[in-house]
Amino acid sequence: MTADARPAAPALTERQEARRRRILHACAQLAGRGGFEAVQMREVAEAAGVALGTLYRYFPSKIHLLVATLQDQLQQLRTTLRRRPPAGDDAAQRVAEALMRAFRALRREPHLADAMVRALTFADRGVSPEVDTVSRLTTAIILDAAGLEHPGPGQLCAVRVIEHTWHSALIAWLSGRASIAQVESDIETACRLIGLTAAPAGPLAERPPGPSPTDR
């Protein structure tokens with residue numbers, strides 16, 4: 001069964017949601033202190049005050065848990081960006097500012113950032129629903145910043161390229177292969193695609209009306 005064909009998970013009760021939030025908070029705290037290796041399921045359960053079996057019912061693996069933590073962080077970022085929208089004269093500048101805010105937040109907690117991005121990189125097909133949610137949230141953040149409620153195919157393609165660049169730049173920074181300045185430059189460059197896809201492209205689109213060669 002594909003991710004799209006899976007039945008929707010039942011809604012959590014208020015008590016279950018509170019438990020889930022404690023688990024995510026405990027995971028973020030442990031990862032923030034010691035990175036990927038510090039997130040051990042038994043320690044997370046103890047810090048969250050839940051039984052180990054309960055933790056596994058919510059999150060089948062450490063990878064599931066860390067990707068869900070990234071999902072939670074992105075949801076918080078989207079809420080913040082909606083309250084304080086990024087400034088900029090055009091869509092490209094606003095998208096770049098939104099992603100720069102996200103990058104600054106990750107820089108404040110590099111161990112947590114490394115743990116979440118590593119989990120996303122290690123995720124296999126068993127974590128596809130969670131990874132898909134992370135992708136959808138990243139897309140939503142970009143579209144919100146660009147002010148695109150009904151993006152066209154070219155704009156959605158640009159968003160995917162921006163997402164790929166964002167992810168690759170984070171990996172390069174976390175592994176020490178790219179400086180902060182390089183990451184920011186790459187993000188700004190990729191975000192310009194939003195502006196390019198909004199305009200007609202190609203020489204045919206620019207050609208003034210006139211008889212085609214077949215009409216001559």
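The values are calculated or read from the model by the stated rules, or taken from the named source; none is laboratory data. Because the structure is a prediction, the values reported are computed rather than measured. With ligands, DNA and RNA removed, areas are computed over all heavy atoms of the protein, side chains included. Shrake-Rupley method; radii C 1.70, N 1.55, O 1.52, S 1.80 Å.
Observations, loosely collected:
- Tally of residues being farther than 12 Å from H167 by Cα, at pLDDT below 95 and part of a helix (DSSP H, G or I) across the stretch 118-130: 7
Okay, residues lined up against (1) open to solvent by 60 Å² or more (accessible area, probe 1.4 Å); (2) not in a loop (DSSP other than H, G, I, E, B):
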residue	(1), (2)
A11	yes, no
R22	yes, yes
A26	no, yes
L30	no, yes
E37	yes, yes
R42	yes, yes
E46	yes, yes
G53	no, yes
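A quick yes/no check of all residues on (1) under 16 Å from L170 (Cα atoms); (2) at pLDDT 95 or above; (3) part of a helix (DSSP H, G or I):
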| position | (1), (2), (3) |
| --- | --- |
| L65 | no, yes, yes |
| T69 | no, yes, yes |
| R82 | no, no, yes |
| A87 | no, no, no |
| V95 | no, yes, yes |
| R101 | yes, no, yes |
| A105 | yes, no, yes |
| L112 | yes, yes, yes |
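- From L99, L66, residue being open to solvent by less than 20 Å² (accessible area, probe 1.4 Å) and farther than 21 Å from E188 by Cα: L66
- Enumeration of residues in the stretch 121-166 that are under 9 Å from the mean Cα position of the chain (by Cα) and open to solvent by 60 Å² or more (accessible area, probe 1.4 Å): R136
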